[in-house]
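Data block below; observations after.
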Amino acid sequence: MSALERPVLVLNRLWQAVNLCSARRAFGLLYQGHAHVVHAEDSDLYSLDFARWAEQSRDYKGEDIVHTVSARIRIPRVILLLLFERLPSKEVKFTRHNVFERDNHTCQYCGQRFDNRFLNLDHVIPRERGGRTVWENIVCSCIWCNSRKGNRTPQEAGMRLLRKPRRPRWRPLIAPESADVPELWRRFLDVDCWKVELS
């Protein structure tokens, strides 16, 4: 992965994690004045604009550096958007791709994993019988099982579902337990960091 493609955590104006972007996109937002870099020093956090970040980068000796014509600039780990307050939607959109993801690209009848080319969406209760196109009635099935089932329920076709289809829960951006998550990200992704007693 090139240095400009490295992921950068994006915070909204309220310091809540809302997205990941590439370092290239982060530099664009910084340079245009739409964002600041969040920099940690000891246990303190600082918000630095592009000019101050470039100045801060001068003496940095690490490898996460981008070279410009006249300067070396450190790749930020976290940026703070200056005008954006919203949080991303917590509902997973119903799409073909997301059904495949929910079912792990596995036919819910025979249990085999397939490439998307060999998968269909199947109505557990057929549409002709009032089955709706919703998370709870759609499963991923291979072409062969879908043809075998036809316009019948799984019971009528003598087939069994691996698991009952459900609406997936929204997943946060990243699992904070992951070993390759930068330490600074953990301060914004790990709920335990924010559990403090208020007096």
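Details
- Number of positions in the range 78-100 that are part of a helix (DSSP H, G or I) and exposed (fewer than 14 other Cβ atoms within 10 Å of the Cβ): 3
- Taking the range 7-59 as the range and being of a type in the set (D, E, K, R) and within 13 Å of LEU184 (Cβ to Cβ) as the test, the residues that pass are GLU41, ASP42, ASP44.
- All positions within the range 139-163 that are assigned to a loop (DSSP other than H, G, I, E, B) and either crowded, with 17+ Cβ neighbours inside 10 Å or touching a residue at least 12 places away in the same chain (Cβ under 8 Å) (or both): ASN151, ARG152, THR153, PRO154, MET159, ARG160, LEU161, LEU162, ARG163
- Residue selected from the range 164-188 under the condition in contact with a strand residue (DSSP E or B) (Cβ under 7 Å, 6 or more places away or on another chain) and modelled with pLDDT of 75 or more, by the criterion surrounded by the fewest Cβ atoms within 10 Å (Cβ to Cβ): LEU184
- Answer from GLU91, GLU5, GLU85 - the residue that is in contact (Cβ under 8 Å) with a residue 12 or more places away in the chain and under 30 Å from THR153 (Cα atoms): GLU91
- Evaluation of GLY111 against (1) surrounded by 14 or more Cβ atoms within 10 Å (Cβ to Cβ); (2) in contact (Cβ under 8 Å) with a residue 40 or more places away in the chain (one fails), failing number: (1)
- Any pair with Cβ under 7 angstrom, 6 or more apart, that starts in the range 49-60 at a residue that is closer than 17 Å to LEU29 by Cβ and part of a helix (DSSP H, G or I) and ends at one that is among the hydroxyl-bearing types (Ser, Thr, Tyr) and open to solvent by 70 Å² or more (accessible area, probe 1.4 Å): PHE50/TYR31
- Which listed residue, of HIS105, HIS123, is under 26 Å from the mean Cα position of the chain (by Cα) and open to solvent by 10 Å² or more (accessible area, probe 1.4 Å): HIS105
- Residues located in the range 13-48, provided they are open to solvent by 50 Å² or more (accessible area, probe 1.4 Å) and either touching a Cys at 6+ places or on another chain (Cβ under 6 Å) or part of a loop (DSSP other than H, G, I, E, B) (or both): ARG13, LEU14, TRP15, GLN16, GLN32, HIS34, ASP42, SER43
- Residues being part of a strand (DSSP E or B), over 21 Å from the mean Cα position of the chain (by Cα) and either surrounded by fewer than 11 Cβ atoms within 10 Å (Cβ to Cβ) or small (Gly, Ala, Ser) (or both) are represented in the range 63-70 by at least one member.
The values are calculated or read from the model by the stated rules, or taken from the named source; none is laboratory data. Quantities reported herein were computed from a predicted structural model and do not represent experimental measurements. Here the Cβ is made from the backbone with ideal geometry for all residues, glycine too, and neighbour counts use every protein chain on show. Accessible surface is based on the protein model in full, side chains and every heavy atom, while ligands, DNA and RNA are left aside. Shrake-Rupley method; radii C 1.70, N 1.55, O 1.52, S 1.80 Å.
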